[in-house]
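Written out below as structure tokens is the structure these notes cover.
Read-outs throughout are calculated quantities, based only on the coordinates presented, and are distinct from any laboratory measurement. Just so it is clear, the structure is predicted and the values come from calculations on it, not from any experiment. Methodologically, a virtual Cβ is constructed for each residue, glycine included, from the backbone with ideal geometry; neighbour enumeration extends over all protein chains shown.
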Amino acid sequence: QVQLVESGGGLVQAGGSLRLSCAASGRTLFAMGWFRQAPEKEREFVAAISWNGGVTYYADSVKGRFIISRDNAKNTVYVQMNSLKPEDTAVYFCAANPRGSGLQNQNQYSDWGQGTQVTVSS
């Protein structure tokens, strides 16, 4: 089992940037993903990264604007979010995928953080 704590959310104007962090404790060398949930919408995939950082996936809606990375020495996964849009407003969650498969499928993730709010104003 892994414990996850997100940080870095906040309020930013459209076009701005934020970097979210996800600190992991316990067993940590898992594939990791970021998901988000906007008000009255279902949680959706944002980005994922393999355990060694060699493979990354992005939702079409964030491709070219978000960058996922990880520092295994620090047990931390990041998502750099650039050119933010009001539609990026959501609670962002990180999650661990022990099997390293189905990285875009939230059902493949076993452990979740509590989430961090990102609000993008127009």
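Which whole-percent values make up P(r) of the chain when all C-alpha to C-alpha distances are grouped in 5 Å steps starting at zero?
Going from the shortest bin to the longest, the percentages are 2, 13, 24, 27, 19, 10, 4, 1.
Looking at the range 1-68, which GluC sites (Glu not before Pro) are in a loop (DSSP not H, G, I, E or B) and have at most 13 other Cβ atoms within 10 Å?
Taking the range 1-68 and a limit of 13 other Cβ atoms within 10 Å, the loop GluC sites (Glu not before Pro) found are Glu40, Glu42.
Can you give the longest run of the chain that contains no trypsin sites (Lys or Arg not before Pro) sitting in a DSSP loop with at most 15 other Cβ atoms inside 10 Å?
So the longest stretch without any such site is 1-26.
Could you tally the net charge around Phe35, taking each other residue with its Cβ under 12 Å from the Cβ of Phe35, Lys/Arg +1 and Asp/Glu -1?
Charge balance near Phe35 sits at 0.
Restricting to the chain, compute how many DSSP beta bridges are antiparallel as a %, nearest 5.
In the chain, DSSP labels about 90 percent of beta bridges as antiparallel.
Pop the C-beta distance of Asp60 and Ala14 into the FRET formula with R0 = 25 Å and round what comes out to the nearest 0.05.
Plugging the Cβ-Cβ distance into 1/(1 + (r/R0)^6) gives 0.85.
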